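Scroll down for the structure; my scribbles are underneath it.
The values are calculated or read from the model by the stated rules, or taken from the named source; none is laboratory data. Bear in mind that the values here come from a model prediction, so they are computed numbers and not experimental data. Positions of Cβ are generated from backbone atoms using ideal geometry, with glycine treated the same way; all protein chains shown enter the neighbour counts.
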Amino acid sequence: MKKVFQYLCAGIIFLMLSAPASSDTLNVTYEYPALSLPFLVALDRNLFKKHGVNVLPTKLAGNRLNFSTADIITGHGLYILRQRKVGPNRIGFAQPIAMTNKSGMIKGLLVKKSARIKNWKDFKNKTIVISDYGIIEWQESSYSNGTNVQYSGRLGGALGTALAHEKSSPGGILVGGGAVKSFSRNKKAHALHGFSYVVRKLQAKYPKKFTLFAKNLEARYFSSPHFVATTYINIGNTSNKKDAVRKYFLAVDEAIDFIRKKPKSALSVLPAYYPKLTKKSAQYIGIYKFYKTTERLDKKAFSGTAGGESISYHYKL
């Protein structure tokens with residue numbers, strides 16, 4: 001009798017796990033802490049439950065995005081979606097993210113005081129450490145931690161735009177995690193460009209050694225604001241889940257309100273989802289300006305700018 005009961009329990013559990021998600025359940029993939037912050041705050045504060053929608057969260061590892069099973073991708077997923085040639089007819093976005101000159105530091109350019117860098121022209125023949133792979137346009141063979149890659153006009157993104165604008169070419173580029181870790185003691189490295197988490201942590205550890213040269217370069221050299229989306233919707237998968245998507249928006253909009261009112265409390269939820277983060281180190285992460293679905297998006301201001309191509313993906317219920 002005991003064995004029969006065990007088999008029954010096992011069968012019930014199997015059916016529960018193998019059953020397809022209901023129309024009020026959304027499979028949500030999340031990735032970077034700063035970009036997925038509204039979703040994680042909503043999850044942590046039980047806002048999805050409050051608004052009557054179930055979410056099944058999956059943390060994205062690298063570029064391993066299973067688009068066919070994802071209902072919503074939260075975070076900077078557009079690059080990954082492009083790799084899979086997913087067009088506006090299959091994906092839409094909502095709740096965009098902005099980064100402006102007036103916002104908190106999202107990315108920073110840190111320089112060593114000993115390098116005596118006072119203006120952009122002083123970067124000539126200097127070596128720069130890059131901690132953000134997304135702003136460099138190298139061939140794959142150039143991606144090796146700590147390798148000194150000679151500047152060849154292929155430095156892309158905000159920093160490359162800034163240096164090109166000032167006609168100042170660096171002498172070399174140090175790429176990757178190993179280069180970042182050795183930056184403070186590497187005599188050949190003069191500056192570091194990366195997300196606020198890296199920059200602020202180094203500033204706090206060596207206040208007499210480094211100084212902040214610039215922040216949020218995209219806003220200065222590309223557009224103000226520069227934006228991507230925080231919520232990407234798989235249109236095909238959610239065609240019969242529109243009410244669930246609407247409730248999802250309500251929950252995340254409420255989370256955005258909470259982030260604006262209590263930014264430190266919002267950042268404190270991150271270590272639960274990213275074990276390598278401590279509550280102290282989480283506070284080093286910069287907070288973007290998140291737009292709620294109820295807030296008007298100025299399409300004219302965004303068109304033709306960095307991130308402006310996302311306009312064609314704008315999602316409407």
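Miscellaneous remarks
- In summary, A70 fulfils each of the numbered conditions (1) farther than 30 Å from V180 by Cβ; (2) at pLDDT below 65 with the single exception of condition (2).
Results for (1) of a type in the set (A, V, I, L, M, F, W, C); (2) modelled with pLDDT of 65 or more; (3) in a strand (DSSP E or B), shown as yes or no for each residue.
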{"position": "C9", "(1), (2), (3)": "yes, no, no"}
{"position": "I12", "(1), (2), (3)": "yes, no, no"}
{"position": "A21", "(1), (2), (3)": "yes, no, no"}
{"position": "V28", "(1), (2), (3)": "yes, yes, yes"}
{"position": "F39", "(1), (2), (3)": "yes, yes, no"}
{"position": "K49", "(1), (2), (3)": "no, yes, no"}
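- When the test is whether a residue is modelled with pLDDT of 70 or more, under 20 Å from the mean Cα position of the chain (by Cα) and over 20 Å from L40 (Cα atoms), I135 does not pass it.
- Yes/no for K264 being closer than 21 Å to I106 by Cα and not aromatic (F, W, Y): yes
- Enumerated strands (runs of 3 or more DSSP E) restricted to region 161-278, each holding at least 3 residues that are at pLDDT 90 or above and out of contact with any His (no Cβ under 7 Å at 6 or more places or on another chain): 210-215
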